[in-house]
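The values are calculated or read from the model by the stated rules, or taken from the named source; none is laboratory data. This is a predicted model, so every value here is computed, not measured. Here the Cβ is made from the backbone with ideal geometry for all residues, glycine too, and neighbour counts use every protein chain on show.
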């Protein structure tokens, strides 16, 4: 079940007695948690306080948590038992001697959960939450073990990461709902600065709205001033200028970075990553941003559409020979910045002049 399907099910009928929440994505999980608490306990703070119980399976056994769910409360007629760290019940490393006893304990916990599902406590909703593992890479096998262990729970909600397209749509929807005037270029800058994290995007949009009052359009300077890590986006603007061989704009951006106290070796690291990535894209014969994004995502390097477009610009502006030369010059600049008393500004200016030479 997806988060949207879960929210729709709450609107259509009563909550299920037991849920399994899977996955690390925090924004959708928080939405679903709030909706469930609202559906079961209402909105009054005193009802929330008396009706919500939090348990962590890294500290207490599952049997104890289920016993708590079976118990009737003197202070709340409706309850939510939130059981975190559900993955903690899985056996981690078993010797041959302990395997039989571990399997017996595991079977006992599974049977207790099945018994509770057959006769759940009226007015009580139990949520087992496993947010440690994702759905890709090495985590995939681990989260599948969690799913298998709790297979008796019929309603499982998966909190998968947003795709780049989905998080962009979410940001646009949140900006519209809030009343924030956010242009496409500023939206791309916000997505880069937050790494596409939906929870951070929601917080930053709220901050930007409070700052502007919704009375004017958000500017790049607003984002750079308010959003953590947004200064790195100014470095991406330098990358884009170099990709277009726009010497004047590149020197202007370098001046901005110097005035803002940017650590030049860090800026150089971003530049080196950009040109190495562009060189890989050219050698792979990638022709457009979509191909670049798909190629690096397949390799396990998640890439946002705006970043792919920046790489496409660099690939289009530099031949393979120029990219190879640029990577070499970046190495020389990195070595120069490590000298005893380098003038960082001069080193970076010389690099820009070299990379934008005809």
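Considering every residue within region 235-252, establish whether at least one is more than 26 Å from residue 349 (Cβ to Cβ) and either within 25 Å of the chain's Cα centre (by Cα) or touching a residue at least 12 places away in the same chain (Cβ under 8 Å) (or both). No, that holds for no residue. Here the condition is being over 24 Å from residue 348 (Cβ atoms), within 21 Å of the chain's Cα centre (by Cα) and touching a residue at least 24 places away in the same chain (Cβ under 8 Å); of 306, 293, it holds for 293 alone.
Take the residues of region 37-56 that are closer than 20 Å to residue 117 by Cα and either surrounded by fewer than 13 Cβ atoms within 10 Å (Cβ to Cβ) or in contact (Cβ under 8 Å) with a residue 60 or more places away in the chain (or both): which is farthest from the chain's Cα centre (by Cα)? Among them, the one singled out is 40. The residue that is nearest to residue 28 (Cα to Cα), counting only those in region 195-230 that are crowded, with 20+ Cβ neighbours inside 10 Å and at pLDDT below 80, is 196. Residue count for region 144-162 under the criterion of being within 21 Å of residue 32 (Cβ to Cβ), in a helix (DSSP H, G or I) and out of contact with any helix residue (DSSP H, G or I) (no Cβ under 8 Å at 6 or more places or on another chain): the result is 1.
Residues that are closer than 30 Å to residue 90 by Cα, assigned by TED's automatic domain parsing to the domain that holds residue 66, within 21 Å of the chain's Cα centre (by Cα) and not in a helix (DSSP H, G or I) do not occur anywhere in region 190-208.
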